[in-house]
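The values are calculated or read from the model by the stated rules, or taken from the named source; none is laboratory data. Source: prediction; values computed, not measured. Backbone-built Cβ (ideal geometry, glycine too); neighbour counts: all protein chains shown. To get the accessible areas, we keep the full protein, side chains included, count just its heavy atoms, and leave off ligands, DNA and RNA. Shrake-Rupley method; radii C 1.70, N 1.55, O 1.52, S 1.80 Å.
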Amino acid sequence: MSAAFIFAPPPQTPAAPPDAIAVATFLAARLAATANARDQAGGHAAEEREWIRDSGLLTLSIPAQFGGQGAPWPLVYQVIRILARADSALAHVFGFHHLQLAGLQLYGSAQQQRRLLTLTVDERLFWGNALNPLDKRVTATDSGDGFVLDGIKSFSSGSVGSDWLTVSAWHAPTQTALIAALPTRQPGITVQPDWDAFGQRQTDSGNVHFEQVALPAELVLQSPAQAATPQTTVRSQIAQLIMTNLYLGIAEGAFEAARGYTSEQAKAWFASGVAQAADDPLVQHRYGQLWLLLRPAQVLADLAALELDTVLRKGALVTAQERGLLAVAVAEAKCLSHKAGLEISSQMFELTGARSTSAQFGYDRYWRNVRVHTLHDPVDYKLRDLGRYALSGTVPEPTAYS
């Protein structure tokens with residue numbers, strides 16, 4: 001069974017730019033050639049980020065009316081998954097770029113959307129994230145027709161090397177957060193490349209420091225005390241599905257690496273009675289078990305992406321119940337992809353043997369990457385939400401994570 005058959009995009013994916021999958025596949029192959037070495041080195045993948053920029057995929061989710069490709073989110077997620085098979089760190093950076101663009105469309109006024117999305121297309125901008133809602137250390141102080149920002153924002157994925165950031169800041173007088181967009185190189189903003197986790201080493205997720213940063217009112221996307229709507233709270237579901245497809249891409253990459261090694265390099269165990277490891281019934285049995293971890297996760301991720309696309313097309317007319325049912329679908333997909341990523345990236349070594357642990361292969365990066373990223377928010381709370389829904393039909397309450 002070929003990798004192309006196993007990991008082909010689902011036939012129900014809505015129509016989209018026909019070359020996006022081909023471009024992503026080519027880009028993934030290019031990234032894969034140096035993924036192991038770059039994972040070991042860590043740091044900022046400046047050259048590879050330029051490859052992403054040059055690919056044209058940064059405009060994939062931008063509506064055509066602003067000069068973008070207008071791709072539906074199911075296709076965006078397929079691209080993220082393809083990239084994650086090869087390099088989950090840069091797939092993370094790419095996915096979070098599109099998350100910021102989604103935030104512009106969900107929070108921004110028509111004028112802000114036109115300005116910032118058109119600018120993104122015209123200047124080939126790469127967006128980074130400084131919108132960590134649990135980190136309230138960045139404060140917003142009223143100042144004339146805008147605000148002044150001070151403080152530190154952690155876990156700022158894609159911030160190193162970015163052109164613009166979306167930012168959240170705590171507004172003490174209203175005890176709420178504002179959301180804004182700012183150029184990364186604006187005076188007073190310093191991006192600290194200090195990400196040192198043992199996985200996802202090139203996600204550029206360091207700290208961003210704000211010192212007396214002027215935030216003009218025209219760049220405030222969501223003002224302090226502005227009431228959330230079912231539509232605006234969909235951002236968390238977009239983010240959760242980005243993570244889902246990152247985990248799936250890692251699981252698929254690990255599965256394919258193990259499959260290739262078993263078929264081409266692994267030696268049959270002496271007691272198996274077969275000449276090739278791939279002909280060992282016990283090995284086949286274990287691959288069947290891994291496939292049954294991976295395949296349901298793929299199906300639910302694709303279904304959740306289609307549900308998200310339906311909800312987004314409703315725009316401001318989406319109801320709280322529809323938003324809640326989307327959160328159920330996303331939680332289902334994320335829980336299974338979480339499990340598939342961790343189990344496959346760990347169990348693959350039991351099937352490939354001691355020689356596969358050589359640093360020349362770098363197969364350990366699959367487990368390290370998925371282990372680090374699956375700690376983003378506790379999966380147990382997703383399972384709690386699913387249990388509540390199963391027992392009482394109660395849908396998850398909108399938060400930045402559910």
_Quick check: from the Cα gyration tensor, does segment 103-202 come out rounded (a/c under 1.5), prolate or oblate?_
oblate
_Relative intensity, log₁₀ I(q)/I(0), of segment 191-342 from a Debye sum that treats every alpha carbon as a point, q = 0.09, 0.13, 0.20 Å⁻¹_ = -0.50, -0.84, -1.17
*Points 7 angstrom from Cα along the Cβ direction at ALA359 and THR118: gap in nanometres?*
5.3
_In order through segment 176-189: 3J(HN,Hα) via Karplus (6.51 cos²θ - 1.76 cosθ + 1.60), integer Hz, x for Gly, Pro_ = 9, 9, 9, 10, 8, 10, 8, x, 4, 8, 5, x, x, 9
*For segment 235-323, what are the per-bin percents of Cα-Cα distances with bins 5 Å wide, up to the bin holding the maximum?*
3, 12, 17, 15, 12, 10, 9, 7, 6, 4, 3, 2, 1
*Roughly to the nearest percent, how much of the accessible area of segment 311-372 is carbon and sulfur, given a 1.4 Å probe?*
54
*Based on the inverse mean of 1/r over its pairs of different Cα atoms, what is the Kirkwood hydrodynamic radius of the chain, in Å?*
21.8
*asked:* With a 1.4 Å probe and all protein chains left in place, how much accessible area per residue does segment 13-124 have, in Å²?
replied: 36
*Accessible area in square angstrom per residue, segment 272-371, 1.4 angstrom probe*: 46
*So how much accessible area does SER168 have, in Å² to the nearest 10, using a 1.4 Å probe?*
10
*Taking K and R as +1 and D and E as -1, what net charge do the other residues with C-beta under 13 Å from the C-beta of PHE126 add up to?*
-2
*First compute the accessible area of segment 96-175 with a 1.4 Å probe, then give the percent of it belonging to carbon and sulfur atoms.*
54
*Alpha carbon centre of segment 171-208 versus segment 324-353: separation in Å?*
28
_Between SER223, SER143, SER156, where does the largest GNM mean-square fluctuation fall for the chain, given springs only between Cα atoms within less than 10 Å?_
SER143
_When the convex hull of its Cα atoms is projected in every direction, mean area for segment 263-402 (nm²)_ = 10.9
_Using the Karplus curve 6.51 cos²θ - 1.76 cosθ + 1.60 with θ = phi - 60°, what ³J(HN,Hα) values do you get for each residue of segment 225-235, in whole Hz, with x for Gly and Pro?_
6, 6, 5, 6, 10, x, 5, 5, 6, 5, 3
_ALA172/SER143 FRET efficiency (R0 22 Å; Cβ-Cβ; nearest 0.05)_ = 0.95
*When ligands, DNA and RNA are left out and all protein chains stay put, how many square angstrom of accessible area per residue does segment 174-264 have with a 1.4 Å probe?*
35
*Heavy-atom accessible area of PHE66 with all protein chains present, probe 1.4 Å, nearest 10 Å²?*
20
*Cα-based convex hull volume of segment 168-246 per residue, rounded to whole Å³*: 137
*Euclidean distance between Cα centres, segment 235-272 to segment 26-58, Å*: 19
*If a/c stays under 1.5 just call it rounded; otherwise compare a/b with b/c (prolate if a/b is bigger, oblate if not). Do that for segment 95-153, with a ≥ b ≥ c from the square roots of the Cα gyration tensor eigenvalues.*
oblate
